[in-house]
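**Q** Right, I'll just put the structure down here and ask away after.
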Amino acid sequence: RICILRHHITSAILKSAPKEQAALITGLISGDKSYMSEKVYDSFRKNGLVHLLSVSGLHIGILYAFLLKLFGGRKNKFFFISAAVILAIYSAFCSFSPSVVRAVIMIFIHIIASLLHRPYDMLSAGSFVFITMLLYRPFYLFNMGFQLSFLGIFSIAVSVPFFLHIFYGHIKKFE
C-alpha cells in the first residue's frame with residue numbers, strides 16, 4: 001500500500017509541476033532520483049549539493065520536529081505513538097534506506113526512553129542500532145549511506161558533550 005501511495009504522490013507531483021522541478025521535488029521527498037536528468041544530477045554533484053537528494057536522518061529529524069510542533073509541543077503517549085507510526089510509514093515510503101532506518105530506530109529508542117522516563121544516550125542508541133542493522137543485513141557495512149550516517153551520529157555523540165563542557169566552562173568564568 002505504501003508503494004502504491006508513493007506512486008500516486010510521485011505521479012501527482014510529476015503532473016502538477018514542470019519536469020525539472022517535479023524531478024527535484026520527488027528527489028527531495030522520497031530520495032528517488034530516477035526522474036532527474038543526468039545533467040541536473042551532475043550539477044548537484046559538482047556543486048556539492050547531491051546529499052540534499054538523499055533522504056537522510058536530517059529529513060527524519062525535521063519531520064519529527066514538525067510533528068512535535070503540529071502537536072503543540074505536547075509529548076504525551078498519543079504524540080509518541082502517532083510519531084512512531086508516521087515515521088515508520090515515511091521510512092517505508094523512502095524504501096528503507098539505511099540512513100532513514102537508522103534515524104527512525106534511534107527516534108523509536110528516544111520515544112521508548114521518554115515513555116519509560118529513562119535518560120536517552122545517543123552513543124548507546126547509535127551503537128545498538130549499528131549492531132542491530134549489521135545483524136539484520138551485514139552488507140550494510142559497505143553501504144556509503146550507512147557509513148556516513150553512523151559516522152555523523154558518532155561524531156555528534158562524542159563531540160557535543162565536549163563542546164558543551166567548554167562552552168559552559170567559559171560561561172561559569174564570567175559569573
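**Q** How many nm separate the modelled label positions at Ile131 and Phe163, each set 7 Å beyond the Cα in the direction of the Cβ?
**A** Going from the Ile131 label point to the Phe163 one covers 2.8 nm.
**Q** Here is a further query. Looking at the chain, which longest stretch skips every one of the chymotrypsin sites (Phe, Trp or Tyr not before Pro) that is in a DSSP loop with at most 14 other Cβ atoms within 10 Å, leaving the sites themselves out?
**A** Of all site-free stretches, the longest is 1-95.
**Q** With a 1.4 Å probe and all protein chains kept in place, how much accessible area does His59 have, in Å² rounded to the nearest 10?
**A** Ignoring ligands and nucleic acids, His59 comes out at about 40 Å².
**Q** Can you give the calculated 222 nm mean residue ellipticity of the chain, where each DSSP H run of n ≥ 4 adds -39,500 (n - 2.57) and the sum is split over every residue, rounded to the nearest 500 deg cm²/dmol?
**A** -25000 deg cm²/dmol
**Q** Please give the contour-minus-distance gain from Phe142 to Phe71: 0.36 nm per residue of separation, less the Cα-Cα distance, rounded to one decimal in nm.
**A** Using 0.36 nm per residue and subtracting the Cα-Cα distance, I get 21.7 nm.
**Q** At most 15 other Cβ atoms within 10 Å and a DSSP loop assignment: could you name the trypsin sites (Lys or Arg not before Pro) in region 5-94 that fit? Don't skip to the end; give the middle numbers.
**A** On the way: sites: Arg6, Lys15, Lys19, Lys33, Lys39, Arg45, Lys46, Lys69, Arg74, Lys75, Lys77; in loops: Lys33, Arg74, Lys75.
Hits after loop and neighbour filter: Arg74, Lys75.
**Q** Which number do you get for Rg(Cα) / (2.2 N^0.38 Å) in the chain?
**A** 1.19
**Q** How are the C-alpha pair distances of region 1-42 spread across 10 Å bins, as whole percents from the shortest bin up?
**A** Taking all Cα pairs of region 1-42, the binned fractions are 31, 55, 13, 0 percent.
**Q** Using Cα-only point scatterers and the Debye equation, what is log10 of I(q)/I(0) for region 61-156 at each q in 0.11, 0.24 Å⁻¹, rounded to two decimals?
**A** Relative scattering, expressed as log10 I(q)/I(0), comes to -0.33, -1.33.
**Q** Which of rounded, prolate, oblate describes region 74-114, given a ≥ b ≥ c as roots of the alpha-carbon gyration tensor eigenvalues and a/c under 1.5 marking rounded, otherwise prolate only if a/b is larger than b/c? If you can, show how the numbers build up before the last one.
**A** Details: a/c = 3.89, a/b = 1.70, b/c = 2.28.
In terms of gyration-tensor shape, oblate.
**Q** How much net charge surrounds Asn143 when only other residues with a Cβ under 13 Å from its Cβ are counted (Lys, Arg +1; Asp, Glu -1)?
**A** Taking every other residue near Asn143 into account, the sum is +2.
**Q** May I pose another question? Of the residues Asn143, Asn76, Asn47, which exhibits the maximal mean-square fluctuation in a Gaussian network model of the chain defined by a 10 Å Cα contact cut-off?
**A** Ranking Asn143, Asn76, Asn47 by mean-square fluctuation puts Asn47 first.
The values are calculated or read from the model by the stated rules, or taken from the named source; none is laboratory data. Computed from a prediction, not measured in an experiment: that's the story for all the values here. Backbone-built Cβ (ideal geometry, glycine too); neighbour counts: all protein chains shown. Calculation scope for accessible area: heavy atoms of the full protein, side chains included, ligands and nucleic acids excluded. Shrake-Rupley method; radii C 1.70, N 1.55, O 1.52, S 1.80 Å.
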